1. For the stretch 21-39, give me each residue that is within 17 Å of residue 83 (Cα to Cα) and in a helix (DSSP H, G or I).
2. Would you mind finding the one in 30, 78 that is more than 26 Å from residue 10 (Cβ to Cβ) and not small (Gly, Ala, Ser)?
3. Which residues, taken from the stretch 1-31, are surrounded by 14 or more Cβ atoms within 10 Å (Cβ to Cβ) and more than 19 Å from residue 68 (Cα to Cα)?
4. Would you check which residues across the stretch 1-20 are assigned to a helix (DSSP H, G or I) and either closer than 17 Å to residue 81 by Cα or modelled with pLDDT under 90 (or both) and list them?
5. Which condition breaks for residue 60 when tested against (1) modelled with pLDDT under 90; (2) farther than 30 Å from residue 29 by Cβ?
6. Looking at (1) modelled with pLDDT of 55 or more; (2) in a loop (DSSP other than H, G, I, E, B); (3) of a type in the set (Phe, Trp, Tyr), can you tell me which one residue 54 breaks?
7. Taking the criterion of being touching a Ser or Thr at 6+ places or on another chain (Cβ under 6 Å) and without any contact (Cβ under 8 Å) to a residue 40 or more places away in the chain, would at least one residue in the stretch 19-38 satisfy it?
Amino acid sequence: MGVIGSIALAANGSVALLLYAFRDGDANMRSVWLCSRNDAIGNVAVMLAVLGVFGTGTSWPDLGVAGVMAVLGLTAARTVIAQSRLNCKKASNPVDRRTLHHPNSWVPNSPDGTRATELKRR
């Protein structure tokens, strides 16, 4: 367990270090950074919980780590949702909500300026 935990910590820690420079990017980059950071913190916490459970013979250390990880996940989700909403408000090209669920609303224009849906009708 300790060997696997150490390998996971090395992997998650290195990814978190690589993404550290992008932690203030858009909502997607922020989300990836927060998840990688939380994974690295989780690896350390789980290894400490293993020692705590082994030392005390109870499940309380494991439950405490689970609570901390839940709080980390929820606060990261709140941060990303808030940043996503802010990005949507600042967008220079707002989404037309009437066409949001149209099946072909995502299709780009063709080079001559006609929509792909118009090309299907010809």
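1. Hits for the stretch 21-39 are 22, 27, 28, 29, 30, 31, 32, 33, 34, 35.
2. Answer to the check: 78.
3. 11, 15, 19, 23, 25, 27, 29, 30
4. Matches in the stretch 1-20: 2, 3, 4, 5, 6.
5. (1)
6. The one condition residue 54 does not meet is (2).
7. Taking every residue of the stretch 19-38 in turn, at least one turns out to be touching a Ser or Thr at 6+ places or on another chain (Cβ under 6 Å) and without any contact (Cβ under 8 Å) to a residue 40 or more places away in the chain.
The values are calculated or read from the model by the stated rules, or taken from the named source; none is laboratory data. All figures in this text were calculated on a predicted structure; none of them were measured in a lab. Positions of Cβ are backbone-derived with ideal geometry, glycine not excepted, and every protein chain shown enters the neighbour counts.
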